[in-house]
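Just so it is clear, none of the values below were taken in a lab; they were calculated from the coordinates. Just so it is clear, the structure is predicted and the values come from calculations on it, not from any experiment. So basically every Cβ, Gly included, is an ideal-geometry build from the backbone, and we count neighbours across all protein chains shown.
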Amino acid sequence: MPETNRLWRTANKWWKEIEVLIVTGATTAKVEANNTTIKNIKRKARGYRNRWNYQSRILMTSAARTAA
């Protein structure tokens with residue numbers, strides 16, 4: 001089947017990277033989660049015209065996340 005052959009070629013091409021993941025268990029999941037959190041905080045603070053209010057909203061949201 002063409003799909004199986006394609007999967008086999010892809011797995012062979014990326015095997016070194018796959019093996020590192022299996023051995024170390026290291027992923028970029030925490031970094032991606034932090035980036036998403038930052039984007040969501042900034043999205044919540046949009047619409048504020050006053051810089052102080054904008055900054056306060058970002059800091060309050062961040063503080064609430066770390067306190068929970």
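Peptides 17-29, 40-52 ordered by packing proxy, namely the average of other Cβ atoms within 10 Å per residue, highest first: 40-52, 17-29. Which entry is the computed Cα Rg over 2.2 N^0.38 Å for this structure: (i) 0.97; (ii) 1.90; (iii) 1.09? From the options (i) 0.97; (ii) 1.90; (iii) 1.09, the structure gives (ii). Between the listed residues T36, G25, L7, the Cα displaced farthest toward the positive end of the dipole of the range 1-45, a dipole computed from Cβ unit charges relative to the Cα centre, is found at T36.
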